[in-house]
Amino acid sequence: MKKKLVVCMLMVTVSVIAQRREGHDRTSMKDLTAEQIGTLNAKKATLALDLTAKQQEQMQALLTENAKMRKTKMEERKAQKESGATKAMTTEQRYERANERLDYQIAQKEKLKNILSDEQLAKWGKMQQRKRQRRKGIGTKKKGQQDKSQE
């Protein structure tokens, strides 16, 4: 009985340790400035897309601009939440916000088309799609795991 209890405790401990995801804490990125985030993201893009020096500079500027915009939007939402001014948005406000976001995304895509080659742009699109899927919890498979439908 004692051995079974020890084995059970060991299995629980191992499973808890295996599920912990160190190094993936988003709070560590919140402490960085927009410039630091832009630099790190540009270096990641350089490694993934094999960018030239000129492309790297342009991507760093673009990604830093994106990080600054995200930080300001986040601070605005935080200030609204703290002041208690968060009300349900009207249909018109939701439309305006969605329209503004889509216009921004179109402008960013045009900038990316000017910076990246067609091959790099396709790879960038796939990377962003995977990132969105992971964020939504769709593609959370660990490395080495295969999709059951492929077997």
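Here each label is just a point 7 Å from Cα along the line to Cβ, and for Arg97 and Thr46 those points are 3.7 nm apart. Please work out, to two decimal places, the log10 of the ratio I(q)/I(0) at q = 0.25, 0.28 Å⁻¹ from a Debye calculation in which every Cα of the stretch 56-130 carries one identical scatterer. Summing over Cα pairs of the stretch 56-130 leads to -1.22, -1.33.
Using 1/(1 + (r/R0)^6) with R0 = 25 angstrom and r between the beta carbons of Ala88 and Ser15, what's the FRET efficiency to the nearest 0.05? Spell out each step's value before the answer.
Numbers: r = 41 Å, r/R0 = 1.65.
So, using R0 = 25 Å, E works out to roughly 0.05.
The gain in end-to-end length when the Lys78 to Glu110 segment is fully stretched comes to 8.5 nm, 0.36 nm per residue minus the alpha carbon separation. Compute the signed sum of charges (Lys and Arg +1, Asp and Glu -1) over the other residues within less than 15 Å, Cβ to Cβ, of Gly84. It works out to a net charge of +2.
At an R0 of 30 angstrom, the distance between the Cβ atoms of Thr39 and Arg134 translates into a FRET efficiency of 0.85.
In the stretch 55-97, the alpha-carbon atoms span a convex hull of 63 Å³ per residue.
Where a number appears in this text, it was derived from the coordinates with a stated rule and is not lab data. Predicted model only: the values in this text are computed from it and were never measured. Every residue, glycine as well, gets a Cβ built from its backbone with ideal geometry; the counts of neighbours run over all protein chains shown.
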